[in-house]
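Step one of this worksheet: look at the structure below.
The values are calculated or read from the model by the stated rules, or taken from the named source; none is laboratory data. From a predicted model like this one, the values you see are computed outputs, not experimental measurements. Cβ placement follows ideal geometry from the backbone for every residue including glycine, while neighbour counts extend to all protein chains displayed. The accessibility values were calculated without ligands, DNA or RNA, using every heavy atom of the protein model including side chains. Shrake-Rupley method; radii C 1.70, N 1.55, O 1.52, S 1.80 Å.
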Amino acid sequence: MAVLQFREALRAAMVEEMERDENIFLIGEEVAEYNGAYKVSEGMLDRFGAGRVIDTPISESGFAGLGVGAAMAGLRPVVEFMTFNFSFVAFDQLVNNAAKIRYMSGGQYAVPIVFRGPNGAAGQLAATHNTAVESLYSYFPGLKVVAPSNPDDAKGLLKSAIRDDDPVIFLESESMYGLKGEVSDAADYLIPLGKARIAREGADVTLVAHQKSYWRALEAADRLAEDGYEAEVIDPRTIRPLDIDAIAASVRKTNRLVVVDESNPFASFSSEVACQVQERLFDWLDAPVLRVTAKDTPAPYAKNLIEYYMPRAEDIVAAAKKALYAR
Amino acid sequence: MAGETRKQARQPVAEGKAQGNGISAVSQNGHADATAEDGASEAFVEYPAGAYTHEELGLSGDDARAMYRNMLLQRRFEERAAQMYGKQKIGGFLHLYIGQEAVSTGSAYAMEIGKDSAITAYRDHGLGLALGMTSNECMAELFGKVGGSSRGKGGSMHYFKKELNFYGGHGIVGGHIAVGAGIAFAHKYKGDGGVCLTYFGDGAVGQGSFHEAMNLAALYETPCVFVIENNEYAMGTATHRAFAQPDFYRYADSYGMPSALASGMDIFSVYKAMSDHIAMARNNRPSILEVRTYRYRGHSMSDPANYRTREELDARKEQDPIVRLKGYLLERELASNEDLDAVDAEIKQEVMDSVTFSEESPAPAISEIYEQVYAQTDYPFLTD
């Protein structure tokens with residue numbers, strides 16, 4: 001085990017995969033000569049050359065589409081968005097072309113591509129730079145959506161995403177790139193997509209949380225423990241396909257569920273989990289499924305407002321206690 | 001009046017000196033300016049109708065006859081498809097290519113099918129058939145049957161054929177242009193010598209994705225030919241009503257690319273232009289080829305085309321590319337009327353057989369709805 005930053009774990013995954021398969025290339029804004037807007041790709045231009053680590057103009061629709069075409073033609077592109085907020089000008093490429101070409105071609109063409117970059121809020125950036133996109137992209141059949149919370153998962157999941165024959169939306173976070181953690185140095189470290197991780201065991205209430213929200217949920221679990229409640233924390237890691245079986249197994253044990261998600265609440269990941277759990281486990285539930293999400297507004301700029309906007313540990317504690325009918 | 005001046009300025013340049021086909025014959029060899037030795041010139045080149053003979057282009061009589069058959073197949077296929085649409089055998093939208101067949105056939109003969117690639121928009125039956133898709137798989141796709149090229153999942157707008165490097169069939173205007181640049185990028189990355197022909201209509205030029213793709217293709221020097229099939233109308237909007245600059249080949253200047261204008265009413269013009277542009281692409285020189293063509297039918301089956309006059313349509317039908325080639329074959333005694341009638345009869349039979357094939361081909365099993373969404377075979381779909 002080595003201790004790596006989140007960005008170093010992502011880089012290690014890309015470097016290992018690019019050394020294994022020359023059909024993999026990295027393309028995006030500032031990935032090459034600038035060494036990455038967030039230094040994820042630092043040193044990769046020197047290592048692989050300009051033919052495989054490719055700077056683009058500010059042209060998301062263009063280079064996302066170029067990636068789709070290259071993938072259809074047998075390459076395996078890794079397309080970096082400087083942030084997923086910028087993916088919206090490439091929306092057609094992701095949701096029509098990447099997601100649907102396999103289906104529309106009757107299985108003739110695969111689109112093995114990874115779109116990766118930071119997702120969600122990163123402080124006082126106001127409304128256009130603070131969108132969490134997992135709910136949005138996981139809406140579309142044909143896409144897979146991955147959202148790791150720690151360096152070890154980041155490495156194992158990114159390697160799997162690159163090897164996957166389906167298009168994968170791989171979500172990172174500006175505020176987590178410096179996060180350090182132990183990362184497996186197993187020769188071929190692959191974590192399968194679609195498998196949740198039980199991060200903390202507990203019998204009283206289940207907390208489902210990913211990415212930044214996962215860390216808030218762990219904090220909340222500590223506080224709940226001080227009050228005598230043992231929360232089980234599940235990190236789904238992959239949003240689509242969702243490991244609903246892992247969540248369901250936990251709810252059968254705790255009979256209570258709180259979903260934490262920095263998406264806006266309407267028609268979102270949290271509403272999807274709540275819906276699926278009540279469909280499957282209505283008789284197992286001792287309380288309504290509760291949600292802690294970003295507020296149902298655009299993200300604000302003011303410091304006090306954006307702090308209130310995001311899911312906080314105290315909100316999670318309050319929701320868990322409500323589900324527990326505790327005070 | 002200032003308004004009139006402005007409107008005048010928006011008329012396509014070539015129209016002012018049009019000789020029936022909307023393209024002026026500027027010089028004997030059809031070139032507005034001399035080309036550089038590698039065939040790549042910054043100056044724009046014209047390929048007018050009537051400027052080339054098949055011998056000059058290195059084509060045999062067999063080639064010319066095969067081109068005729070290839071175009072006529074598209075025409076007869078779509079006439080029958082329109083009839084089947086009327087009989088409600090075909091659902092959804094049906095966008096006919098009738099009138100534009102010289103563009104698909106001319107390029108199919110200029111490219112190396114199997115080595116090179118092609119991608120187009122939703123008016124895709126003609127190109128699919130020109131490249132070698134069968135009438136059976138094309139008609140059955142329209143019928144929504146498993147015998148269709150996409151097993152009935154794509155329909156009229158989404159023909160694909162991997163063995164032919166035919167990358168679709170795309171329904172969102174302009175959405176596939178960057179994909180074409182990416183296919184060309186892959187040819188260069190793999191060093192396989194292939195090029196990608198990326199077709200789209202005049203309407204797509206208004207999309208931002210067109211301009212992004214041009215810039216990337218030029219920047220990365222991808223082996224791509226961007227073929228603008230200018231049929232003068234984006235649905236019901238004439239080009240001069242939609243574009244401040246309706247001479248589309250001129251956009252190439254912005255991206256430092258060569259460009260040319262070809263007549264889509266003469267297959268030899270298209271063939272010659274495509275051959276030259278493919279040669280440039282093989283040297284990693286992307287380019288724009290604007291082909292002035294015309295669709296006889298409405299935008300789709302529901303469009304009565306009230307935005308144009310009967311006279312305009314009739315005038316364009318007089319330059320029909322199939323009639324033109326037929327006249328050429330007869331005049332040069334490359335074929336007799338009887339020969340060509342026999343070809344027509346054979347094609348009509350092939351198309352009727354494809355209708356029978358499509359009628360008999362089964363509808364997809366309901367379980368197929370979950371197939372080919374993902375490569376992953378055990379994907380956990382939400383099911384009821």
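Some points to look at:
- Residue check for B:SER149: more than 11 Å from chain A (Cβ to nearest Cβ) and assigned to a loop (DSSP other than H, G, I, E, B): no
- Listed here are the helices (runs of 4 or more DSSP H) enclosed by the range A:1-78 that have at least 1 residues being more than 24 Å from the chain's Cα centre (by Cα), assigned by TED's automatic domain parsing to the domain that holds A:LEU158 and under 14 Å from B:TYR189 (Cβ atoms): A:44-48, A:60-72.
- Of all residues making up the range B:182-203, the number that are charged (D, E, K, R) and either surrounded by 24 or more Cβ atoms within 10 Å (Cβ to Cβ) or free of Cβ contacts under 8 Å to residues at least 40 places away in the same chain (or both): 1
- Qualifying residue in the range A:182-189 (condition: open to solvent by less than 10 Å² (accessible area, probe 1.4 Å), among the aromatic types (Phe, Trp, Tyr) and at pLDDT 95 or above): no
- Scanning the range B:361-383 for residues that are more than 9 Å from chain A (Cβ to nearest Cβ) and either farther than 20 Å from B:GLY148 by Cα or among the small types (Gly, Ala, Ser) (or both) yields a count of 7.
A quick yes/no check of all residues on (1) within 17 Å of B:ARG324 (Cβ to Cβ); (2) out of contact with any Ser or Thr (no Cβ under 9 Å at 6 or more places or on another chain); (3) in contact (Cβ under 8 Å) with a residue 40 or more places away in the chain:
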position	(1), (2), (3)
B:SER60	no, yes, no
B:ARG75	yes, yes, yes
B:ARG80	no, no, yes
B:GLN83	no, yes, no
B:LYS87	no, yes, no
B:LEU94	no, no, yes
B:GLN100	yes, no, yes
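- Residue in the range B:118-141 that is within 8 Å of another protein chain (Cβ to nearest Cβ), open to solvent by less than 30 Å² (accessible area, probe 1.4 Å) and not acidic (Asp, Glu) present: yes
- Long-range neighbours under 7 Å by Cβ, at least six apart or interchain, first residue over 28 Å from B:TYR47 (Cα atoms) within the range B:292-312, second at pLDDT 90 or above and open to solvent by 30 Å² or more (accessible area, probe 1.4 Å): B:SER300/B:PHE93; B:MET301/B:TYR85
- Filter result (within 14 Å of A:VAL40 (Cα to Cα) and part of a loop (DSSP other than H, G, I, E, B)) within the range A:176-187: A:TYR177, A:GLY178, A:LEU179
- Residue among A:PHE81, A:PHE115 that alone is away from every other protein chain (no Cβ under 14 Å) and hydrophobic (A, V, I, L, M, F, W, C): A:PHE81
Residue-by-condition table, conditions (1) hydrophobic (A, V, I, L, M, F, W, C); (2) modelled with pLDDT under 50; (3) surrounded by fewer than 17 Cβ atoms within 10 Å (Cβ to Cβ):
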residue	(1), (2), (3)
B:ARG6	no, yes, yes
B:ARG10	no, yes, yes
B:VAL13	yes, yes, yes
B:SER27	no, yes, yes
B:HIS54	no, no, no
B:ASN70	no, no, no
B:MET84	yes, no, no
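- Hits in the range A:90-109 - residues which are open to solvent by 40 Å² or more (accessible area, probe 1.4 Å) and either more than 10 Å from chain B (Cβ to nearest Cβ) or within 20 Å of the chain's Cα centre (by Cα) (or both): A:PHE91
- Top-ranked residue of the range B:169-186 - restricted to ones that are assigned to a loop (DSSP other than H, G, I, E, B) and among the hydrophobic types (A, V, I, L, M, F, W, C), ranked as nearest to the other protein chains (Cβ to nearest Cβ): B:ILE172
- Enumeration of residues in the range A:1-16 that are surrounded by 21 or more Cβ atoms within 10 Å (Cβ to Cβ) and closer than 26 Å to A:GLY69 by Cα: A:LEU10, A:ARG11, A:ALA13, A:MET14
- Restricting the range A:37-53 to residues that are open to solvent by less than 10 Å² (accessible area, probe 1.4 Å) and aliphatic (A, V, I, L, M), the residue that is farthest from the other protein chains (Cβ to nearest Cβ): A:VAL40
- Selection count where residues are polar (S, T, N, Q) and part of a helix (DSSP H, G or I), scope the range B:346-378: 5
- If you go through the range A:291-319 and keep only what is of a type outside the set (Ser, Thr, Tyr), under 30 Å from B:THR383 (Cα atoms) and surrounded by 20 or more Cβ atoms within 10 Å (Cβ to Cβ), you end up with A:ARG291, A:VAL292, A:ALA294.
- Any hit, the range A:215-227, residues being among the charged types (D, E, K, R) and in contact with a Pro (Cβ under 6 Å, 6 or more places away or on another chain): yes
- Residue list for the range B:328-345, restricted to those being surrounded by 11 or more Cβ atoms within 10 Å (Cβ to Cβ), assigned to a loop (DSSP other than H, G, I, E, B) and among the charged types (D, E, K, R): B:ARG332
- Index of the failed condition, B:MET111 passing every other in (1) without any contact (Cβ under 8 Å) to a residue 24 or more places away in the chain; (2) away from chain A (no Cβ under 14 Å); (3) not acidic (Asp, Glu): (1)
- Yes/no for A:GLY74 being open to solvent by 10 Å² or more (accessible area, probe 1.4 Å), more than 9 Å from every other protein chain (Cβ to nearest Cβ) and not hydrophobic (A, V, I, L, M, F, W, C): no
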